Amino acid sequence: MCLRAAADGCEAVVATPHQNHSRWSNNRPKMLHKLLVKLREAVGEKPRLYLGGEIRVGSDLLENLRDPRLAGLLPLAGSRYLLLEFARSGPGPNPEELVHELRLAGWRPVLAHPEVIEGLSDDLDLLEQLVSAGAHLQVTAMSLTGGYGRRIRSRALRILDAGLVHFVASDAHGVKRRPPGLSAARELIAERIGDEAAWELTTSNPKAVLADQPLSKAHLVA
Ligand SMILES: [Fe+2]
């Protein structure tokens with residue numbers, strides 16, 4: 001997957017194993033860091049590899065984040081950015097409050113694939129509120145390019161067109177079914193909303209995460 005990503009133009013990859021998920025807890029950062037070292041040895045310099053987690057949101061999230069090391073949770077590449085995943089069935093009763101609390105605690109929440117979360121995917125008002133509260137949205141490249149079907153594609157495009165997307169990610173799980181690579185999505189974004197936006201979503205915003213800096217534009221104007 002790493003080599004495929006590099007061949008597709010990715011310079012850096014943050015590997016984000018599921019965390020806090022009922023099926024995959026992956027709550028042993030030391031072991032994950034060891035795997036990262038092994039992977040770096042195997043892959044070489046391209047792409048540069050970092051570690052993070054795709055953290056399932058549960059009622060214990062804020063409590064666990066008081067001491068993420070104790071809970072074994074991994075922010076993105078050691079930054080204050082957190083990749084958060086709501087259950088597909090919905091974001092729970094008060095996602096805005098959660099985002100607000102996370103911001104107050106100094107985190108920069110990135111919400112994974114809102115286009116597939118019931119109750120978020122078709123509610124642009126709610127997504128806008130979450131972004132205003134300080135959340136960043138990350139859509140999946142293959143959602144935009146149609147690999148998950150027309151319904152998810154149209155939802156992803158609507159969020160993109162509304163200027164609410166801050167990151168595009170591969171959500172890669174393998175080389176066949178959910179492969180790495182962003183170039184096709186990047187081209188689509190450039191054609192649809194311009195080169196500058198494509199550059200932000202795939203290059204400058206991810207770089208800001210690695211540098212643990214705020215995004216240059218907190219909110220894209222469509
Ligand atoms: Fe996910």
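The values are calculated or read from the model by the stated rules, or taken from the named source; none is laboratory data. Being a predicted model, the structure only gives us computed values, none of them experimental. Here the Cβ is made from the backbone with ideal geometry for all residues, glycine too, and neighbour counts use every protein chain on show.
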Requested in this report: Consider Ser22 carefully, then state whether it is polar (S, T, N, Q) and at pLDDT 95 or above.
Outcome: no
Query raised in the report: Residues in the stretch 27-43: is at least one under 24 Å from Ala208 (Cα atoms) and within 16 Å of the ligand (Cβ to nearest atom)?
Result: no
Query raised in the report: Looking at the stretch 192-200, is at least one residue surrounded by 15 or more Cβ atoms within 10 Å (Cβ to Cβ) and under 24 Å from Gly119 (Cβ atoms)?
Result: no
Report task. Could you check how many residues of the stretch 84-113 are touching an Asp or Glu at 6+ places or on another chain (Cβ under 6 Å) and charged (D, E, K, R)? Result -> 1
Requested in this report: Would you confirm whether any residue within the stretch 168-178 is out of contact with any Ser or Thr (no Cβ under 8 Å at 6 or more places or on another chain), under 23 Å from Gly53 (Cα atoms) and polar (S, T, N, Q)?
Outcome: no
Report task. Scan the helices (runs of 4 or more DSSP H) fully inside the stretch 120-222 and keep the ones with 2 or more residues being within 16 Å of the ligand (Cβ to nearest atom) and at pLDDT 95 or above. Result -> 141-145, 150-161
Query - Pairs with Cβ under 6 Å, 6+ apart, first in the stretch 46-58 and under 18 Å from Arg28 (Cα atoms) and among the aromatic types (Phe, Trp, Tyr), second at pLDDT 95 or above and more than 16 Å from the ligand (Cβ to nearest atom) - result: Tyr50/Ala77
**Report entry** the stretch 78-119: number of residues that are within 16 Å of the ligand (Cβ to nearest atom) and acidic (Asp, Glu)
**Finding:** 3
Requested in this report: Give the stretch 11-43 a look and list any residue that's in contact with a strand residue (DSSP E or B) (Cβ under 9 Å, 6 or more places away or on another chain) and assigned to a loop (DSSP other than H, G, I, E, B), or say none.
Outcome: Glu11, Thr16, Pro17, Asn20, His21, Ser22, Trp24, Ser25, Asn26, Asn27
**Report entry** Of all residues in the stretch 132-166 being touching a Leu at 6+ places or on another chain (Cβ under 6 Å) and of a type in the set (A, V, I, L, M, F, W, C), the one that is surrounded by the fewest Cβ atoms within 10 Å (Cβ to Cβ)
**Finding:** Ala162
